[in-house]
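The values are calculated or read from the model by the stated rules, or taken from the named source; none is laboratory data. These numbers come from a predicted model, not from an experiment. Note that each Cβ is placed from the backbone with ideal geometry, even for glycine, and that neighbours are counted across all protein chains shown.
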Amino acid sequence: MFASVTSSAFVGVEPCAVRVEAHVSGMGKVAFSIVGLPDAAVREARERVRSAMLASGFPFPGGRVTVNLAPADLPKMGSAYDLPIAFGLLAAARTIPPRACDVVALGELALDGSVRGSRGSLAAGLVARSSGLRCVVSVEAAAEAALAGSDVCGVRSLAEAVAGAAGDLMPTTVHRPPPANVPSPDTFDLAVVRGQPVGRLALEIAATGGHHLLLSGPPGAGKTLLARSLPTVLPDLTGEEQLDVARARAAGGRPVLLSIRPPFRTPHHSATPAAILGGGSGVPVPGELTLADRGVLFLDELAEFPPHLLNMLRQPIEEGIVHVARKGTSVAFPARVQLVAATNPCPCGYRGDERRPCRCSPGSVERYRRRLSGPLIDRFDLRIVVPRVAVDDLTGPPGEPSASVRMRVSSAREIQRRRGRLNRSLTRTALDEMAWSAGAVGSLRHGVDLLGLTGRGWDRVRRVARTVADLEGRDEISAGDVDLALELRGPS
């Protein structure tokens, strides 16, 4: 006797349907086998499922029992397959009608038959939505599964799950909760930034076009404060973007919450490549780069990060995707991030400062700067120096708040939305077809000679100039837009 029920798993951040196939044979030696690349937690489901079925008043089938988790070449991890395995066994033994298996089930079973929450409930909701099936998960995991917009039933026990799936009982139906509007506790309103007119302007331009930003300056000048203010001036996420962020968090095993505010991630410089890019044993899980998808990745003390790790970021931030291969499994994670970094100009931090002399030798300064490769620096559209704040600025009134800056950014983003993409992603062909004044072209040619722009730098300056024009609401890009873009690109 055979039966199957649908479950789910994340492959990268994409939900994957897992078919839980159960075969019960009354002949042969009594045995319970689970195949399909299960880990230890999945193999231990044999004892949990057996005890839960007996405690719930269901007979456990005798003879040889085989459970297959398909696709068989995908590693299966965790205790979330307990509930679908129980469904499959009950249907294969004809204890429940076959229609009870027309669900997407996910959940861990306790020995007394109760259903506990488990990782991956959002994947179950997404698979249920795409397949048109009802989703059955634990009560505590129902809110996460409902984020997908599918019909979700939260159950407390195996008996309740079976009754609900068979149509004899209607469990609690959970609807998709509204998104929250909770800013990250690591961010600040732009009003707390005193002085720094160039830094504030660069921040607004970076937020508008999604440009990567590098801040350099002495300790205490406000680099970190500026960077942590960036998410507060970014526009709200759309519905699909909110779900993208939730999927990344769910795939990484983190608490899932729909939020209209962009994510803001600040990994420490001691983080490993797997923590930043993604990885781990078995199926790779997303790293900080993917957790910051649709938001901001802030690398404070950039020169303290290992050079090989920084060089690994070059391709992902350019392409918006990172490929991770582990044990024959290759996964593509989204990495549509805005990279913001802060660094000191030298080991002591005071090179070029007007008040405190630098104590570093030329050799130590050169070794410090060599930690940041030229190709990495070239990928920052905006590179500015954040000087020491004057006393008059510190004692003066607060700066313009984030709310008013966000209104200008949102208006300029609307222009880009009609264009089809953020300015940081404009292709060379699209840039060539835009309206450039004669003075703008002359400034660009002068910039190539003055700054020694590479081909990549040429396009990045043009993208920033396009953003400056968008903030002004102009179709034609002027010489002033190009000059500002060149000034904010700064020396390498």
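Output yes when any residue across segment 255-266 is farther than 27 Å from Pro345 by Cβ and among the hydroxyl-bearing types (Ser, Thr, Tyr), and no when none is.
Looking for residues that are farther than 27 Å from Pro345 by Cβ and among the hydroxyl-bearing types (Ser, Thr, Tyr), one finds at least one in segment 255-266, hence yes.
This table checks each residue for (1) touching a Pro at 6+ places or on another chain (Cβ under 9 Å); (2) assigned to a helix (DSSP H, G or I).
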| site | (1), (2) |
| --- | --- |
| Arg367 | yes, yes |
| Ile377 | no, yes |
| Arg383 | yes, no |
| Arg388 | yes, no |
| Asp393 | no, yes |
| Ser411 | no, yes |
| Gln416 | no, yes |
| Gly439 | no, yes |
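Of all residues in segment 353-405 being more than 20 Å from Met312 (Cα to Cα) and among the polar types (S, T, N, Q), which is modelled with the lowest pLDDT?
Looking at residues that are more than 20 Å from Met312 (Cα to Cα) and among the polar types (S, T, N, Q), I get Thr395.
If you go through segment 111-127, how many residues are crowded, with 24+ Cβ neighbours inside 10 Å, at negative phi and out of contact with any Asp or Glu (no Cβ under 8 Å at 6 or more places or on another chain)?
Within segment 111-127, residues that are crowded, with 24+ Cβ neighbours inside 10 Å, at negative phi and out of contact with any Asp or Glu (no Cβ under 8 Å at 6 or more places or on another chain) number 4.
So, in segment 240-284, exactly how many residues are touching a residue at least 40 places away in the same chain (Cβ under 8 Å), over 17 Å from Ala341 (Cβ atoms) and not in a loop (DSSP other than H, G, I, E, B)?
13
Answer yes or no as to whether Leu74 is under 26 Å from Gln242 (Cβ atoms), aliphatic (A, V, I, L, M) and at pLDDT below 90.
No: the conditions fail for Leu74.
Counting only residues that are under 22 Å from Arg228 (Cα atoms) and surrounded by fewer than 19 Cβ atoms within 10 Å (Cβ to Cβ), which one in segment 286-309 is farthest from the chain's Cα centre (by Cα)?
Ranking the candidates gives Glu304 first.
Check Val103 against each of (1) in contact with a Leu (Cβ under 6 Å, 6 or more places away or on another chain); (2) within 26 Å of Pro284 (Cα to Cα); (3) touching a residue at least 60 places away in the same chain (Cβ under 8 Å) and name the one condition it does not meet.
(2)
Do we find that Ala430 is without any contact (Cβ under 8 Å) to a residue 24 or more places away in the chain, buried (at least 19 other Cβ atoms within 10 Å of the Cβ), of a type outside the set (Phe, Trp, Tyr) and assigned to a helix (DSSP H, G or I) in this structure? Outline the logic, then answer.
On the way: without any contact (Cβ under 8 Å) to a residue 24 or more places away in the chain: yes; buried (at least 19 other Cβ atoms within 10 Å of the Cβ): no; of a type outside the set (Phe, Trp, Tyr): yes; assigned to a helix (DSSP H, G or I): yes.
Against the criterion (without any contact (Cβ under 8 Å) to a residue 24 or more places away in the chain, buried (at least 19 other Cβ atoms within 10 Å of the Cβ), of a type outside the set (Phe, Trp, Tyr) and assigned to a helix (DSSP H, G or I)), Ala430 does not qualify.
Among Thr272, Thr266, which is the only one that is buried (at least 17 other Cβ atoms within 10 Å of the Cβ) and not charged (D, E, K, R)?
Answer to the check: Thr266.
Among the residues of segment 446-457, are any under 27 Å from the mean Cα position of the chain (by Cα), more than 23 Å from Asp236 (Cβ to Cβ) and surrounded by fewer than 16 Cβ atoms within 10 Å (Cβ to Cβ)?
yes
Tell me yes or no: at least one residue of segment 332-352 is at pLDDT below 90, closer than 30 Å to Leu291 by Cβ, under 18 Å from the mean Cα position of the chain (by Cα) and not in a loop (DSSP other than H, G, I, E, B).
The answer is yes; a qualifying residue exists.
Grab the helices (runs of 4 or more DSSP H) fully contained in segment 1-99, keeping just those with 3 or more residues being surrounded by 23 or more Cβ atoms within 10 Å (Cβ to Cβ). Even if it seems obvious, please write down each step before you answer.
Numbers: elements: 40-43, 45-55, 82-92.
Once the helices (runs of 4 or more DSSP H) in segment 1-99 are filtered for at least 3 residues that are surrounded by 23 or more Cβ atoms within 10 Å (Cβ to Cβ), what remains is 45-55, 82-92.
Take the conditions of a type in the set (Ser, Thr, Tyr), in contact (Cβ under 8 Å) with a residue 40 or more places away in the chain, assigned by TED's automatic domain parsing to the domain that holds Asp353 and in contact with a helix residue (DSSP H, G or I) (Cβ under 6 Å, 6 or more places away or on another chain) and apply them to Thr232. Does it pass?
Yes; evaluated as a whole, the condition is true for this residue.
Out of the residues in segment 216-227 meeting the condition of being buried (at least 22 other Cβ atoms within 10 Å of the Cβ) and in a helix (DSSP H, G or I), tell me which one is nearest to the chain's Cα centre (by Cα).
Applying the filter and picking the extreme gives Ala227.
One residue is enough: does segment 463-476 have a residue meeting the conditions within 15 Å of His211 (Cα to Cα), modelled with pLDDT under 90, under 29 Å from the mean Cα position of the chain (by Cα) and in a helix (DSSP H, G or I)? Give the steps one after another, and end with the answer.
First, the residues of segment 463-476 that are within 15 Å of His211 (Cα to Cα): 463-471.
From what is left, the residues that are modelled with pLDDT under 90 are none.
No.
Scan segment 81-98 and give yes if some residue there is more than 15 Å from Val162 (Cβ to Cβ) and of a type outside the set (Lys, Arg), otherwise no. Before the answer, list the steps.
First, the residues of segment 81-98 that are more than 15 Å from Val162 (Cβ to Cβ): 81.
Now narrow it down to the ones that are of a type outside the set (Lys, Arg): 81.
Scanning segment 81-98 turns up at least one residue that is more than 15 Å from Val162 (Cβ to Cβ) and of a type outside the set (Lys, Arg).
Within segment 298-311, identify whether any single residue is small (Gly, Ala, Ser) and in contact with a helix residue (DSSP H, G or I) (Cβ under 7 Å, 6 or more places away or on another chain), and answer yes or no.
Within segment 298-311, one or more residues are small (Gly, Ala, Ser) and in contact with a helix residue (DSSP H, G or I) (Cβ under 7 Å, 6 or more places away or on another chain).
Residue check, Gly320 against (1) under 22 Å from Ser425 (Cβ atoms); (2) of a type outside the set (S, T, N, Q); (3) crowded, with 18+ Cβ neighbours inside 10 Å, all met but one. Which one?
Failing condition for Gly320: (3).
Taking the stated definitions as given, is Ile377 under 27 Å from Pro197 (Cβ atoms) and more than 25 Å from the chain's Cα centre (by Cα)?
Taking the combined requirement at face value, the residue does not satisfy it.
Within segment 239-254, work out how many residues are closer than 16 Å to Ala148 by Cβ and either outside the structural domain of Pro286 (by TED's automatic domain parsing) or surrounded by fewer than 16 Cβ atoms within 10 Å (Cβ to Cβ) (or both).
Looking only at that region, the number is 2.
Go through segment 100-116 residue by residue and tally those that are of a type outside the set (A, V, I, L, M) and in a loop (DSSP other than H, G, I, E, B).
Number of matching residues: 4.
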